[in-house]
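Engineer: Structure below; questions to follow.
None of the figures in this text is laboratory data; all of them are computed from the coordinates on show. Remember, it's a predicted structure, so these values are computed and weren't measured experimentally. Here the Cβ positions follow ideal geometry from the backbone for every residue, glycine too, while neighbour counts run over all protein chains shown.
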Amino acid sequence: MRTRPLLGAGALALAVTAMAGQVAYAVDGNLPGGTSIAVTITSPANNTVVPQGPVTVTGTAAIGTGVAVKDTALTYVLDVSGSTAGPCSNTNILACEIAAGKALNNKAAAPNTVIGTVGAAVFATGGAAADVRPAAGEQLSTTPTTDDNGNNARDIDEVLDSAVIGGLNQFTPRGVGTGTNFVAGITAASAVTNAQTEARKIVMFLSDGAQSNNVIPAASAVPDDTTYFTFAVGGGASCNFGNYDASLQAIADLTGGTCTAVPDPANLPDVVPGIIASKLVNLTLSVDGGPATPITNVTPGLPQNGPAQVNYTVNTGNLTSGLHQLCVTAHGTDGGGAGSVTDCTTVRVNDPPVVTIGGPYAGQEGTAIALAGQVSDPDGPSLTTSWSATPLSNVDPGATCVFGDAAALDTTVTCNDDGVWTLRLTANDSLHPDVSQTTTLTVSNVAPNVSISAPANGTQFVRGAPVGITAPFTDIATHDTHTCTVDFADGTPIVNGTVEQGAGSGTCTASHTYTGVGAFTVLVTITDDDGGKATAVVKIVSYVRAEAWSLSAKGLVNVAKTPHAECPPNSDKTTASVNVPGIASVQALHAECTMDADTGRTDASANISSASLLGGVITLADLETRCVANEQGLSGSSRVGTLNGQPIGTQPATIGIPGVATVYVNQSVSGPNGQYAQYAVRVVTLLGQEIIVAGCRMGY
């Protein structure tokens, strides 16, 4: 048995070679019988960069749709022996043989056929090649579509239609008897194939009977470029009837063809054209020259008879980083045998970025904290990075962090509140899902800052006047909230100030009325919502106004306070003498009043050397009085040397002068609002005249 080549001489040789890293490939080719076969990878495009993992390959494959290699000749051999008069459907076997030949020629005449020329022969007892053209002379070949006589009938069809039992009538009559002789048929067919110039020749050999002649010598002499496809027609025929050496099977075997039994001759027109039929059998995928795996996702499904085109989709296995060659092969068959065509594409599998975030990080709220991330992605193709921060623990609702440049690897982050945050650094190379790494950012609280803008340090307030405190504060943490307390340092409870605040700043205000005298250090404390504290102090001085004088009178006669010393500001006054007839004659008058700006202490004093009152009714000598205001309160003292010659001293007393006046010595008087007065001598006459010698007052 001869070995037949899979590729016809006219088929394209298909190869995939790699040279200097470049891939060369053919996507269109021809099967051994000349039928076109094609495969195309539409995606991914060559040199596409893809992520790690499976790669989806899509494309198309086709058979019989492209340009065929017309390098195959056909010869139609009909059995015209007497037995072909047997029934076939509504006619005879010969008519069904003719229909089969014409059906095969119809396929040969279709667009993109591989058939170049055709011929015909008949046999019975003898055999004869047919004259297939109407021109004069013996012409053994024509094309499947030639109509040289212009009668709208293909010349080869006219020849086949002219076959009769025992011969042929077109275009030159032939007579071959009525017996059966396969060798005569081979000889007649060889006359035709010898006249054909195509590289490959196919013979359709039909017979409804059996014969006894040894076919092996004749079949063995058939050239390698010629293949017989024999058909045993009807129930009385067989591929291997009786003696193998005389069988249709032997003819097929020895010429590289096949023998097909067709028990019902009416089926011949459907069966015979298959000798030049093409079929897209299957598609396979190989990666990097590895084993071919079937592609099963094909639409429409395989196999498909040509002409046909299909679409396919297939996924590779997981591909590692680097360069990979993906090849899809289309496998098909036609009358010449099996063949394939391959298309390849190259993909570069990309590694995902590698992210190193650094950390853990720590810093203070409201302060830029340096971050230093790293991303490695040597194979690109592009890279974007971004930082983000989300609360993890002990972060107040609504707190936020802001990055100096969230897209930069070396950047800063500033959070407006303390707590623990989750930092995330994310990288994306446009191919893989986001790659990220996290760490923690611990942000500590920063205490606020506070000052006292009013009152100024050392400001003096009159006792009983409201003292307003204004304390502006700032906080580097713009999300913090604040409370305020004020200690006025006078033994009264610490009070909560009124806070007005915005993002990162505010003001604390409070008011207080001092009931005492002295210097007080006011303490303002600002506390943020995380317990951070800041304090500020201011010194204020609470004082009372004071006055002192040596002589005054009111009533029937009024005498202004003389000399009159008031403070603040400090004053020191002296008068040599005062003479008010009928009221008083006073010598060496002195009055003084001072207030210590640092402590609030006030001293007011007055003295005289001698006095004569009411025309000498009352005489006085060596008088003094003093009022003092300090942290212990308001107090006073006075001393009278003598009254009408009698020693008095410092003790208070009330002395009546009958029919004239009442004299009060060393008298202390307290007012309803904490005022205080001290008089060395106060005289009230029966007529309501009042005379004061050496007096002082505070808090009026």
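Engineer: Take every Cα pair under 8 Å in segment 519-629 that's 6+ residues apart, average their separations, divide by the length, and report that relative contact order as a whole percent.
Structural biologist: About 21 percent, as a whole number.
Engineer: Could I ask something else about it? In whole percent, what relative contact order does segment 449-543 give with Cα contacts below 8 Å and a gap of six or more residues?
Structural biologist: Computed value for segment 449-543: 38 percent relative contact order.
Engineer: Do the sum for the chain: with -39,500 (n - 2.57) for every DSSP H run of n ≥ 4, divided by all residues, what is the mean residue ellipticity at 222 nm, to the nearest 500 deg cm²/dmol?
Structural biologist: -2000 deg cm²/dmol
Engineer: Treating cross-link reach as a plain straight distance, find the aspartates and glutamates whose alpha-carbon is under 12 Å from the alpha-carbon of LYS102, omitting any fewer than eight places away in the same chain.
Structural biologist: Correct list for LYS102: ASP155, ASP157, GLU158, ASP161, ASP270.
Engineer: Any idea what % of Cα-Cα pairs in segment 354-444 are farther than 18 Å?
Structural biologist: On the way: 1652 of 4095 pairs.
More than 18 Å apart: 40 percent of the Cα pairs in segment 354-444.
Engineer: Let me ask something else about it. Could you point to the residue in MET595, CYS627, ALA611 farthest towards the positive end of segment 590-629's charge dipole, with +1 and -1 charges on the Cβ of Lys/Arg and Asp/Glu respectively?
Structural biologist: ALA611
Engineer: Can you sort VAL262, VAL557 from fewest to most other Cβ atoms within 10 Å of each residue's own Cβ?
Structural biologist: Fewest-to-most Cβ neighbours within 10 Å comes out as VAL557, VAL262.
Engineer: Oh, and also: Mind checking the angle between helix 182-195 and the chain's longest principal axis? C-alpha axes, 0 to 90 degrees, to the nearest 10.
Structural biologist: With rounding to tens, the tilt is 60 degrees.
Engineer: Can you sort LEU94, LEU323, LEU302 so the residue with the fewest Cβ neighbours within 10 Å comes first?
Structural biologist: LEU323, LEU302, LEU94
Engineer: What ranking do 108-114, 176-182, 575-581, 50-56 get when scored by the average of other Cβ atoms within 10 Å per residue, highest first?
Structural biologist: Taking the mean over residues of other Cβ atoms within 10 Å, the ranking is 176-182, 108-114, 50-56, 575-581.
Engineer: Next up: For ASP225, ASP270, what ranking results if the residue with the fewest other Cβ atoms within 10 Å of its Cβ goes first?
Structural biologist: Ranking ASP225, ASP270 by Cβ neighbours within 10 Å, fewest first, gives ASP270, ASP225.
Engineer: Okay, next question. Label ASP434 and ALA454 with points 7 Å out from Cα along Cα→Cβ: what is the distance between them in nm?
Structural biologist: Label at ASP434, label at ALA454, 5.2 nm between them.
Engineer: Find which of VAL538, LEU248, THR75 sits farthest along the positive direction of the dipole of the chain, computed with +1 on the beta-carbon of Lys and Arg, -1 on that of Asp and Glu, about the Cα centre.
Structural biologist: Value: VAL538.
Engineer: Now a separate question. Would you mind calculating the relative contact order of the chain from Cα pairs under 8 angstrom and at least 6 residues apart, reporting the percent as a whole number?
Structural biologist: Relative CO of the chain lands at 9 percent.
Engineer: Right, here's the next one. Ranking request for peptides 431-437, 601-607, 414-420: highest mean number of other beta-carbon atoms within 10 Å first, then the rest in descending order. Write down the numbers at each step before the final one.
Structural biologist: Numbers: 431-437: 15.6, 601-607: 24.9, 414-420: 22.0.
Ranked from most to least packed, the peptides come out as 601-607, 414-420, 431-437.
Engineer: Another one. Could you give each residue of segment 450-461 its phi-based ³J(HN,Hα) in whole Hz, using Karplus coefficients 6.51, -1.76, 1.60 with θ = phi - 60°, and x for Gly or Pro?
Structural biologist: With the stated coefficients, segment 450-461 comes to 9, 9, 10, 8, 8, x, 5, 4, x, 4, 9, 10 Hz.
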